[in-house]
1. Could you tell me how many of the residues in the range 1-21 are assigned to a loop (DSSP other than H, G, I, E, B) and surrounded by 19 or more Cβ atoms within 10 Å (Cβ to Cβ)?
2. Residue by residue through the range 49-65, note down the ones that are surrounded by fewer than 19 Cβ atoms within 10 Å (Cβ to Cβ), under 11 Å from the mean Cα position of the chain (by Cα) and within 19 Å of residue 2 (Cα to Cα).
3. Which members of the range 22-48 meet the condition of being crowded, with 17+ Cβ neighbours inside 10 Å, out of contact with any helix residue (DSSP H, G or I) (no Cβ under 8 Å at 6 or more places or on another chain) and in a strand (DSSP E or B)?
4. Any chance you could count how many residues in the range 39-91 are under 30 Å from residue 27 (Cβ atoms), modelled with pLDDT under 85 and in contact with a strand residue (DSSP E or B) (Cβ under 6 Å, 6 or more places away or on another chain)?
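The values are calculated or read from the model by the stated rules, or taken from the named source; none is laboratory data. All values derive from a computational prediction rather than experimental measurement. Cβ sites come from the backbone with ideal geometry, for glycine too, and all protein chains shown count toward neighbours.
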């Protein structure tokens, strides 16, 4: 997360893995994440979503904006004539 020197951010929390950071700005918590990708990193991805990301999300009493690279993909499923787009983590 990069800011200008005249912008004051507070409550900066980052993950030890370097895959996420949260910071407060004017009563809003800004969260940026970079989730693990690839089929070989299934356990790392599960740890990220089950342990690390919740840690960042609990770190703030503010309203939040969460963004970043979640490394998800979309698939199209057609069941009985209805098309649904499903988002899944890469596995």
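1. Qualifying residue count, the range 1-21: 1.
2. 65
3. The answer is 23, 24, 29, 30, 32.
4. The initial filter retains those residues of the range 39-91 that are under 30 Å from residue 27 (Cβ atoms), namely 48-72, 87.
Then keep just the ones that are modelled with pLDDT under 85; that gives 58-62, 71-72, 87.
Checking the rest, the ones that are also in contact with a strand residue (DSSP E or B) (Cβ under 6 Å, 6 or more places away or on another chain) come to 59-60, 62, 72, 87.
Residues meeting the conditions: 5.
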